[in-house]
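Data block below; observations after.
Rule-based calculations on the coordinates, nothing more; no lab input. Only a predicted model underlies this, so the values are computations on that prediction, with no experimental measurement involved. We place every Cβ from the backbone using ideal geometry, glycine too, and count neighbours over all the protein chains shown.
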Amino acid sequence: MTTSSFDLLSTCASGGCSAKLNPAALTDLLSSIPLIKDARIMVDIETHDDAGVYRLNDDIALIVTTDFFPPVCSDAFTFGQIAAANALSDIYAMGGTPLLSLNLTMFPSKDIPLEVLRNILAGGQEKINESGAFTMGGHTIDDNPPKYGLAVVGTVHPDKLITNAGLKAGQLLILTKPLGVGILMAAQRMGLTSEDTYNLALEQMKMLNKAGAVCMQQFGVKGATDVTGFGLLGHALKMAEASDVSIQISLGSLPVLPQVMTLLVSGCIPGAAFRNADFVKKHVFYAPSCSVEQKMLACDAQTSGGLLMAVDTNKANDLIAALKIVHPQACIIGEVTSRRSKSIYCL
């Protein structure tokens with residue numbers, strides 16, 4: 001078999017952000033580990049934000065993050081692009097600029113040609129270059145199945161930091177990328193999706209959230225996150241809890257990739273969506289009009305997903321217009337309200 005025809009999906013049962021540990025189990029695990037506090041730490045794991053933030057001085061704060069996972073697609077170069085874009089997204093979600101990166105690689109050298117690893121790293125480097133960051137090295141171990149991602153350091157002015165705790169009642173919620181990536185990846189494994197639709201999902205996952213970060217700073221956004229493995233509702237829940245607000249989402253307004261709703265109706269629902277739905281169920285109210293398919297879409301694990309941001313109502317239309325230059329399906333999906341009995345209300 002040539003390296004160009006090696007199918008990375010043959011090495012794993014699940015990949016991308018759908019391979020994340022159960023969010024409920026992770027929350028319980030982390031709660032039992034004490035951490036040292038420091039006045040210079042602006043964000044740690046307490047609010048389950050996208051990254052940690054450390055203030056260096058009055059003008060610079062460092063954003064530090066890491067993300068890696070098993071293959072989400074067959075092609076090595078494309079996998080590298082997606083994994084790198086996904087890791088860089090945590091910096092953008094907090095309004096920062098990527099500065100330094102380290103490759104994190106696990107690869108079974110005796111089972112797969114090393115040229116495949118080269119292609120993974122080359123794909124990742126293309127996205128690192130696009131972000132403007134510098135690769136400082138990395139670490140590789142012999143392991144199966146293969147996994148790839150980055151550790152990234154970014155910078156942001158402390159006064160311009162965007163966190164998942166920055167939402168305010170009365171603001172509108174905007175999502176920049178359509179949902180359904182996890183569903184389409186599952187459908188591809190089963191031969192249920194068209195090649196054009198599958199390629200559209202791959203192109204979306206390769207897209208950096210760089211433009212979204214620029215727009216958020218331009219319009220004074222203070223509360224945001226990126227939507228990845230815990231699904232839209234899982235990440236919205238973390239935002240609501242960190243900001244001490246409730247979030248109202250119109251499931252019928254969610255942007256969605258082609259063919260996804262048809263696949264959901266036919267029963268193509270990845271296991272990660274069920275895990276995410278179970279994680280949020282105690283904290284979410286669903287109106288009777290919400291269909292099962294809409295609920296599963298909102299819980300679908302995204303890989304290198306879009307930004308979910310809260311903006312003042314008087315700035316929403318201008319922000320949408322700016323986002324649509326790069327993200328044509330960016331739209332308002334809900335609003336932030338004062339704290340109620342549930343964290344999320346789906347209508």
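Rounded, prolate or oblate: which one fits the chain, using the alpha carbon gyration tensor with axes a ≥ b ≥ c (rounded when a/c is under 1.5, else prolate when a/b beats b/c, else oblate)?
It comes out oblate by the Cα gyration axes.
Using θ = phi - 60° and the Karplus form 6.51 cos²θ - 1.76 cosθ + 1.60, what ³J(HN,Hα) does each residue of segment 263-276 get, whole Hz, x for Gly and Pro?
5, 5, 4, 7, x, 7, 10, x, x, 4, 5, 5, 5, 5
With +1 on each Lys and Arg Cβ and -1 on each Asp and Glu Cβ, how big is the dipole of the chain about its Cα centre, in debye rounded to the nearest 20?
Its charge dipole is roughly 680 debye.
Local charge sum around residue 219 (other residues, Cβ-Cβ under 11 Å, Lys/Arg +1, Asp/Glu -1)?
It works out to a net charge of 0.
In the chain, if the dipole is taken from +1 on Lys/Arg beta carbons and -1 on Asp/Glu beta carbons about the Cα centre, which of 205, 259, 249 is farthest to the positive end?
Going by the Cα projections, it comes out as 249.
How big is the Cα convex hull of segment 271-347 in projection, averaged over all directions, in nm²?
6.4 nm²
Under the 0.36 nm per residue contour assumption, what length would be gained going from the current alpha-carbon distance of residue 291 and residue 195 to full extension?
Using 0.36 nm per residue and subtracting the Cα-Cα distance, I get 31.8 nm.
Can you give me the distance in nm between label points at residue 337 and residue 5, each placed 7 Å from the Cα along the Cα-to-Cβ direction?
Each label point lies 7 Å from its Cα, and together they span 5.8 nm.
How far apart, in nm, are two points set 7 Å out from the Cα along the Cα-to-Cβ line at residue 244 and at residue 168?
Inter-label distance under the simple model: 1.5 nm.
Cα convex hull of segment 219-347: mean projected area in nm², to one decimal?
7.9 nm²
Kindly provide the trypsin sites (Lys or Arg not before Pro) of segment 49-118 that DSSP labels as loop, not H, G, I, E or B, and whose Cβ sees at most 12 other Cβ atoms within 10 Å.
Loop-located and lightly packed - 110.
Defining a contact as two alpha carbons under 8 Å apart and six or more residues distant in sequence, what relative contact order in percent does the chain show?
Over the chain, the number comes to 23 percent.
What dipole magnitude, in Debye to the nearest 20, does segment 172-346 give about its Cα centre under +1 on Lys/Arg Cβ and -1 on Asp/Glu Cβ?
So the magnitude is around 380 debye.
In a GNM of the chain with a 10 Å cut-off on Cα contacts, which of 261, 205, 239 has the highest mean-square fluctuation?
It is 261.
If the limit is 25 Å between Cα atoms, which of 37/147; 37/342; 147/206; 295/342; 20/281; 206/282 go over it?
Violating the 25 Å Cα-Cα cut-off are 37/147; 37/342; 206/282.
Once every DSSP H run of n ≥ 4 in the chain is given -39500 (n - 2.57) and the sum is divided by its residues, what mean residue ellipticity at 222 nm do you get, rounded to the nearest 500 deg cm²/dmol?
The helix-only estimate for the chain comes to -10500 deg cm²/dmol at 222 nm.
Could you let me know the centre-to-centre spacing of segment 274-298 and segment 179-251, using Cα atoms, in angstrom?
Distance between centres, Cα-based: 16 Å.
Of all DSSP beta bridges located in the chain, what percent are antiparallel, nearest 5?
Of all bridge pairs located within the chain, approximately 75 percent are antiparallel.
Report the charge-dipole magnitude of segment 3-160 in Debye, nearest 20, computed about the Cα centre from +1 at each Lys and Arg Cβ and -1 at each Asp and Glu Cβ.
Roughly 140 debye, rounded to the nearest 20.
For segment 80-184, which chymotrypsin sites (Phe, Trp or Tyr not before Pro) pass both filters: DSSP loop (anything but H, G, I, E, B) and at most 16 other C-beta atoms within 10 Å?
Answer in residue order: no site qualifies.
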